[in-house]
Amino acid sequence: MNKLVINGGNPLSGSIEINGAKNAAVAILPASILASSGICSIDNIPDIEDVHCIEKILKSLGCKVKTGKNLVVIDSTTINKIDADTDDVRKMRASYYLIGALLARFKKARVELPGGCPIGVRPIDQHIKGFGALGAKVEIKHGCVSVSAEKLVGTSIFFDVVSVGATINVMLAATLAEGITTLENVAKEPHVVDVANFLNSMGANIKGAGTEIIRVVGVKELKGCSYSVIPDQIEAGTYMIAAAACGGEVIIENVIPKHLESISAKLIEMGVEIIENGDSITVKSKGRLKGINIKTQPYPGFPTDVQQPLSALLTVAEGRSIINESIWESRFKHIDELKKMGANIKVEGRIAIIDGVDKLSGAIVKATDLRAGAAMVIAGLIADGTTEVLSIDHIDRGYPNIEDKFKALGANIKRVSYVE
Ligand code: EPZ
C-alpha cells in the first residue's frame, strides 16, 4: 500500500499544469460506445485510476482501446457484449454512463450498480425516469440495472433534481432516439457541456448544454471523431486552495478561468489575490486569511467537489467559517481527520462550523474519499511537523501525479509504500 508523507510549512511557488477533467473524461470514454463506425481519438485524458478502470471496462465489452500519453483511442465497432458486470464496473460511479450509451446504440444493456465515493446515498432515480420517458423498460434486480427498448422516442423530460449524471446519461440515450428530446432542470457543469460537444463532434445534434434546457434532435448514427477534453475545474480549484493555504505565488496553467469564478470569488473574499491571464490563473497569498461562509450548489455555484479541500484551508483562517453542504449528505467524513490535526470544527447535519486555529499539527490521517484525500494533503502542507495520509488509492482515482505536482511547487511530500 502507499501513503503520502508530508512535512508541512513550505510556501508554494512556481507553475503547474492542470490535466483534463476527470468528470468529463469518465463520461466521454463510455460515450465513445455510440460510434458505430470510425474511431474515437480522445486527447487530454488524465492519467488517473478512474480512467484506467473505464478503459478496462470498455475492453471487457469488446472495444479495442489503445492508450498513449494523455490519449485514448477507442474502436467501439467491435463491441460484442452489452453486459457490464466486472469488478471495475462495481468500483466506480461513472459506470452508470454505460447504461445510456449501450441503450442508445444496442437498445439494451445490463450494468451492475455503480460504486464510487461514499459521500451519500447516490440514487439514480432521475436516470431511470429519463430512460423510461424515452421508452425503455428499466428493471433493477440483484444490484444490476437492466434496460431494453424496441425503440427510443424523443420526449420532454423535466428532472426533479439537478443531476450531472442524469443529465449526461439521458442526453447519451437521446442522441440516437427518434425525434426531439427536451431536457429541463438540467445540470450546467462544464463537463456536461464538454460531453455534449464531444457527442456533436461524433455527429449528434445537441443544443443548449450549459443552459437550463438541452434539446437533442435524434440522429441515425454517430461516428468516431477526434476530441480534446477540457481542463479539470476541480483539480485547478484544489491547487488554487493549496497555493492560498501555503502562501507564496503559484501560476496554474491550462485552465478555463470562467469555470473557476465561484472558487476565485471565495478566495478573494478570504484575502487571496487572483490574477486571470488567458488560460492561466496566478494565486498570490501571504499572511493569515479571513474565514468565510460557503454553500455548495450546482454550477455556476460553489462546487461540492471543492468543499473538502477548502475546509482544510478554513481550519486556519481567522474567525469563524460556516460550510453548508447542500448536495451530498455525507461529505463531512474528513472533518474527524482534520480534528486529529487540531482543527476546531463542529458538524450539525449538513452544516460544518469551523473556528480557525493558529496552526494544525501533523498526524496520521486517512483519505476517506477522493476530495477528502485532497483536503488532507492540503492540511498536511500547512501543518507543523509530519503528516501521513493513508488510503491514498482514493486520491489516485482523481488527481494525476499529485505528489510530483506539489513537489515541483516546493512542497516536502513523498509517496512511501508500506505494509499494513
Ligand atoms: C457527479 O456525480 C460527480 N461525479 C461528482 O463528483 C459530483 O460531486 C456531483 O456530480 C455533483 O457535482 C461524476 O461526474 C462521475 P449528481 P453524480 O447526480 O452525477 C441527487 C468527485 O469528487 N440525485 O449531480 O453522481 C444526488 O443524491 C465526484 O469527482 C438524485 O436524487 O451527482 C445529489 O444529492 C464525487 N437522483 C444530487 O442529486 C438521481 O437520480 C446531485 O447528484 C441523481 C442524483
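The values are calculated or read from the model by the stated rules, or taken from the named source; none is laboratory data. Because the structure is predicted, anything quoted here is derived from the model rather than measured. Please note: Cβ atoms are built from the backbone with ideal geometry, for glycine as well, and neighbour counts cover all protein chains shown. To get the accessible areas, we keep the full protein, side chains included, count just its heavy atoms, and leave off ligands, DNA and RNA. Shrake-Rupley method; radii C 1.70, N 1.55, O 1.52, S 1.80 Å.
Test Thr315 against the criterion of being closer than 16 Å to Asn293 by Cβ, crowded, with 24+ Cβ neighbours inside 10 Å and in contact (Cβ under 8 Å) with a residue 60 or more places away in the chain, and give yes or no.
Details: closer than 16 Å to Asn293 by Cβ: yes; crowded, with 24+ Cβ neighbours inside 10 Å: yes; in contact (Cβ under 8 Å) with a residue 60 or more places away in the chain: yes.
Against the criterion (closer than 16 Å to Asn293 by Cβ, crowded, with 24+ Cβ neighbours inside 10 Å and in contact (Cβ under 8 Å) with a residue 60 or more places away in the chain), Thr315 qualifies.
Say whether the condition of being of a type in the set (D, E, K, R), closer than 26 Å to Gly135 by Cα and at pLDDT below 95 is met by at least one residue in region 101-124.
Residues of region 101-124 that are of a type in the set (D, E, K, R), as a first pass: 105, 107-108, 110, 112, 122.
Next cut, closer than 26 Å to Gly135 by Cα only: 105, 107-108, 110, 112, 122.
Okay, now just the ones that are also at pLDDT below 95, so 112, 122.
Yes: one or more hits.
Looking only at region 248-261, decide whether some residue is free of Cβ contacts under 8 Å to residues at least 12 places away in the same chain and open to solvent by 20 Å² or more (accessible area, probe 1.4 Å). Yes.
Screening Glu420 on (1) under 26 Å from the mean Cα position of the chain (by Cα); (2) within 28 Å of Cys53 (Cα to Cα) shows it passes everything except condition (1).
Polar (S, T, N, Q), at pLDDT 95 or above and either in a strand (DSSP E or B) or under 22 Å from the mean Cα position of the chain (by Cα) (or both) - does that describe any residue in region 48-71? First the steps, then the outcome.
Step one: filter region 48-71 for residues polar (S, T, N, Q), giving 60, 67, 70.
Then keep just the ones that are at pLDDT 95 or above; that gives 60, 67, 70.
Those left that are additionally either in a strand (DSSP E or B) or under 22 Å from the mean Cα position of the chain (by Cα) (or both): 67, 70.
Yes: region 48-71 contains one or more residues that are polar (S, T, N, Q), at pLDDT 95 or above and either in a strand (DSSP E or B) or under 22 Å from the mean Cα position of the chain (by Cα) (or both).
Residue count for region 164-221 satisfying the condition of being crowded, with 23+ Cβ neighbours inside 10 Å and of a type in the set (Ser, Thr, Tyr): 3.
For region 382-409, how many residues meet the condition of being in contact (Cβ under 8 Å) with a residue 12 or more places away in the chain and open to solvent by 10 Å² or more (accessible area, probe 1.4 Å)?
Initial filter on region 382-409 (in contact (Cβ under 8 Å) with a residue 12 or more places away in the chain): 382-403, 405-406, 408-409.
In the following step, the residues that additionally are open to solvent by 10 Å² or more (accessible area, probe 1.4 Å) were identified as 382, 384-386, 388, 390-391, 393-394, 396-397, 401, 403, 405, 408.
Summing the residues that are in contact (Cβ under 8 Å) with a residue 12 or more places away in the chain and open to solvent by 10 Å² or more (accessible area, probe 1.4 Å) in region 382-409 gives 15.
If a residue has to be open to solvent by 40 Å² or more (accessible area, probe 1.4 Å) and out of contact with any Ser or Thr (no Cβ under 7 Å at 6 or more places or on another chain) to count, how many in region 114-123 make the cut? Of the residues in that region, 3 qualify. Listed by position, the helices (runs of 4 or more DSSP H) contained in region 224-330 that have at least 1 residues being within 22 Å of the chain's Cα centre (by Cα), more than 16 Å from the ligand (Cβ to nearest atom) and under 22 Å from Ile6 (Cα atoms) are 233-246, 304-314.
Limited to region 21-47, what total is found for residues that are open to solvent by 30 Å² or more (accessible area, probe 1.4 Å) and part of a helix (DSSP H, G or I)?
Of region 21-47, the ones open to solvent by 30 Å² or more (accessible area, probe 1.4 Å) are 23, 36-39, 41, 43-44, 47.
If we keep only those that are part of a helix (DSSP H, G or I) as well, we get 23.
The qualifying residues number 1.
Any residue at all in region 199-222 that is within 19 Å of Phe131 (Cβ to Cβ), out of contact with any Cys (no Cβ under 8 Å at 6 or more places or on another chain), within 16 Å of the ligand (Cβ to nearest atom) and among the charged types (D, E, K, R)? Scanning region 199-222 turns up no residue that is within 19 Å of Phe131 (Cβ to Cβ), out of contact with any Cys (no Cβ under 8 Å at 6 or more places or on another chain), within 16 Å of the ligand (Cβ to nearest atom) and among the charged types (D, E, K, R).
Taking Asp50 and the conditions (1) within 16 Å of the ligand (Cβ to nearest atom); (2) out of contact with any Lys or Arg (no Cβ under 7 Å at 6 or more places or on another chain), which numbered condition does it fall short on, given that it satisfies the others? Condition (2) is where Asp50 drops out.
Pick from region 124-137 the residues that are among the aliphatic types (A, V, I, L, M) and within 13 Å of Ala166 (Cβ to Cβ): which of them is least open to solvent (accessible area, probe 1.4 Å)? Per the criteria, the residue is Leu134.
If the condition is being touching a helix residue (DSSP H, G or I) at 6+ places or on another chain (Cβ under 7 Å), assigned to a loop (DSSP other than H, G, I, E, B) and more than 7 Å from the ligand (Cβ to nearest atom), then region 91-124 contributes Met92, Pro114, Gly115. Test each condition in (1) within 21 Å of Gly301 (Cβ to Cβ); (2) more than 9 Å from the ligand (Cβ to nearest atom); (3) of a type in the set (A, V, I, L, M, F, W, C); (4) buried (at least 17 other Cβ atoms within 10 Å of the Cβ) for Ala149 and report the one that comes out false. It fails just one condition, (1).
Collect the residues in region 160-179 that are free of Cβ contacts under 8 Å to residues at least 40 places away in the same chain and within 8 Å of the ligand (Cβ to nearest atom), keeping them in residue-number order. Write out each step before concluding.
At the first step, the residues of region 160-179 found to be free of Cβ contacts under 8 Å to residues at least 40 places away in the same chain are 160-161, 163, 179.
Scanning region 160-179 gives Asp160, Val161, Ser163.
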